[in-house]
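J.: Next up is a structure, given as structure tokens.
The values are calculated or read from the model by the stated rules, or taken from the named source; none is laboratory data. Source: prediction; values computed, not measured. Reconstructed Cβ throughout: ideal geometry from the backbone, glycine too, with neighbour counts over all protein chains shown.
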Ligand code: NDP
């Protein structure tokens, strides 16, 4: 089935690196794909691959029953979607917002869409652009289950795994942000570790196999922490908070000695210290999650 004659039609609004990857995957799956981007000219790659260019967002939306918007955040998607002509064109159609933002913005957009008579699904993309259209892509979705099921075949053309997380439109963003929390603090820790190792004359490539070992240790620890948190038990026999705190202090001390900013570890150290001072020194590190609240 060629891109021009494919039975399902999809519009992609936003042709940054991710929007371009989404359009390429849809085209690769043989879907008739219409594209639009705020800054003209960014549709060249998609059009060369068979996408239909649109001269306005409203024209793009009118071309398909399903529109996927993927721009930097919800201020940007609002700027596109809440123009009168675009809102009017969306009425009665389905909009899937794959831009990243907070759960509150997702819920607020769902409420706006409902008032406008727009069928709305929210979503989050958890993997980088090269994964899109491959089995490695990970998409999260939230919103009405029947609407998700209706559009699932087209969404699955984006490749990878698609998980519907529930009717609350904020759920995909909630998962996204929690997972980004892990990702960015881990990457910041690694960037800091590389600087610290470098200051001690250790090359990144020398540290690498051991850094990967630390990464591997984390996976079973995540499972253990999830179990402990839900059970409300925080066993610390193997590695009590007092011991963890001491090793965190070493990171701060060596950073200070080399004049390397230790703000990240100071923040972690402060959380662990608060738990110890709260009488939980014999507990495991997951006690910090309980102390931070959220339940
Ligand atoms: P960006 O996050 O840089 O988004 C660029 C897109 O946003 C462009 O189409 C840009 O249009 C548009 N945009 C920005 N401001 C506005 C505005 N005010 N009005 C209209 N359009 C606007 O790049 P990506 O494409 O990579 O990301 C898109 C979304 O996908 C983001 O929410 C990102 O977090 C998410 N994502 C990206 C991943 C990646 O690996 N790149 C991975 C997972 C999620 P213009 O060209 O006119 O500037």
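J.: Identify, by number, the condition in (1) surrounded by fewer than 23 Cβ atoms within 10 Å (Cβ to Cβ); (2) within 12 Å of the ligand (Cβ to nearest atom) that residue 117 doesn't meet.
T.: (2)
J.: Would you please name the residue that is farthest from the chain's Cα centre (by Cα), looking only at residues in segment 75-92 that are more than 9 Å from the ligand (Cβ to nearest atom) and crowded, with 17+ Cβ neighbours inside 10 Å?
T.: 89
J.: For residue 3, are the conditions met, namely being more than 28 Å from residue 170 (Cα to Cα), in contact with a helix residue (DSSP H, G or I) (Cβ under 6 Å, 6 or more places away or on another chain) and at pLDDT below 95?
T.: Taking the combined requirement at face value, the residue satisfies it.
J.: Follow-up question, since we're still on this one. Tell me, please, whether a residue that is under 22 Å from residue 23 (Cβ atoms), surrounded by 16 or more Cβ atoms within 10 Å (Cβ to Cβ) and more than 15 Å from the ligand (Cβ to nearest atom) can be found in segment 96-111.
T.: no
J.: Can you name the residue in segment 17-50 that is outside any helix (DSSP H, G or I), on the phi < 0 side of the Ramachandran plot and free of Cβ contacts under 8 Å to residues at least 24 places away in the same chain and is also nearest to the ligand (Cβ to nearest atom) among such residues?
T.: 39
J.: Would you mind stating whether residue 56 is in the same structural domain as residue 101 (by TED's automatic domain parsing), buried (at least 20 other Cβ atoms within 10 Å of the Cβ) and more than 25 Å from the chain's Cα centre (by Cα)?
T.: Answer is no for this residue.
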